[in-house]
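Bear in mind these aren't lab numbers, they're just calculated from the coordinates by the rules spelled out. In this text the structure is predicted, and so the values were computed from the model without any measurement. Note that each Cβ is placed from the backbone with ideal geometry, even for glycine, and that neighbours are counted across all protein chains shown.
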Amino acid sequence: MDLSGYDSASERVEVMERILGENERAAAANRAAFDAAGAAVVNLMSAPGAGKTTLLVETLRRLAAHRRIGIIEGDIETSIDADRLTGFGASIALINTGDGFGGECHLDAPMVASALPRLPLSELDLVIVENVGNLVCPAEFTVGEHRRAMVYAVTEGEEKPLKYPVMFRSTDLVLVNKTDLLPHLDFDLAAFRRNLEMVRPGVEVLEISARTGTGVDAWCEWLGRPA
């Protein structure tokens with residue numbers, strides 16, 4: 001077989017462009033559905049274990065009595081995080097990417113579209129998409145959201161904005177979480193902020209502890225701002 005004219009790199013680019021193009025069309029349809037329902041949508045991203053679900057529990061404790069909230073919960077397997085959020089007044093739709101979506105390490109727009117019929121969208125004010133824990137792939141796929149936020153734990157080290165710049169460049173807000181652990185770590189918060197400024201100049205930053213509740217009210221205020 002003569003492969004002299006075969007350009008594998010070009011084929012990969014074409015496939016990726018096709019995938020992203022299809023995702024953009026699905027994201028536009030999702031966005032139209034959110035807008036028609038009058039629901040603000042935030043795509044919440046992070047590495048595994050950064051504290052997204054703990055933050056959402058604290059968020060629901062503060063907001064569920066005043067705002068009608070939906071959660072689209074993304075995980076590769078299990079309902080562990082969705083179960084943790086049950087009982088706090090939110091409508092929850094679980095997406096396991098290992099169940100018919102190839103076990104992807106992110107949510108994309110078609111996956112989110114599959115969850116919409118399981119939410120009372122017209123009755124919601126706010127939808128938070130808890131993306132699959134990953135510092136790379138979720139940043140590459142819009143799902144129709146109005147804004148993006150990411151949770152970053154101080155246990156992850158100061159260098160991550162430099163090593164994973166796409167995630168940090170894609171977000172509107174960085175929530176620096178687990179600050180209650182700072183006295184027990186050698187994490188250099190000032191160095192982290194300098195690294196972040198290098199890749200995402202001017203991005204809004206909130207220092208929080210989802211475990212103790214410090215800073216969560218400021219996050220809730222951010223959720224209430226118009227997009």
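Which one, V151, L126, I72, is farthest towards the positive end of the dipole of the chain when Lys and Arg carry +1 and Asp and Glu -1 on their Cβ?
L126
How big is the Kirkwood radius of the stretch 11-223, worked out from every pair of different alpha carbons and given in Å to one decimal?
Numbers: mean 1/r = 0.0572 Å⁻¹.
After inverting the mean inverse Cα-Cα distance, the result is 17.5 Å.
Give the peptides 71-80, 217-226, 30-39 in descending order of average Cβ contacts within 10 Å, highest first.
Working: 71-80: 20.0, 217-226: 13.5, 30-39: 16.2.
Put in order of decreasing packing, that is 71-80, 30-39, 217-226.
Can you give me the Cα centroid spacing of the stretch 156-170 and the stretch 30-57 in angstrom?
If we compute the Cα centre of each part, the gap is 20 Å.
Determine the sum of side-chain charges near E73: Lys and Arg each +1, Asp and Glu each -1, restricted to other residues whose C-beta is under 14 angstrom from that of E73.
Numbers: positive: K52, R84, R118; negative: D75, E77, D81, D83, D99, E130.
Within the 14 Å Cβ shell, the charges total -3.
Name the residue from G224, A115, G103 whose Cα lies farthest towards the positive end of the charge dipole of the chain, charges +1 on Cβ of Lys and Arg and -1 on Cβ of Asp and Glu.
With unit charges placed on the Cβ atoms, the residue in question is G224.
Sequence gap at least 6, Cα distance under 8 Å: using those rules, report the relative contact order of the chain to the nearest whole percent. Write down the numbers at each step before the final one.
On the way: 420 pairs, mean separation 54.0, N = 227.
It comes to 24 percent, rounded to a whole number.
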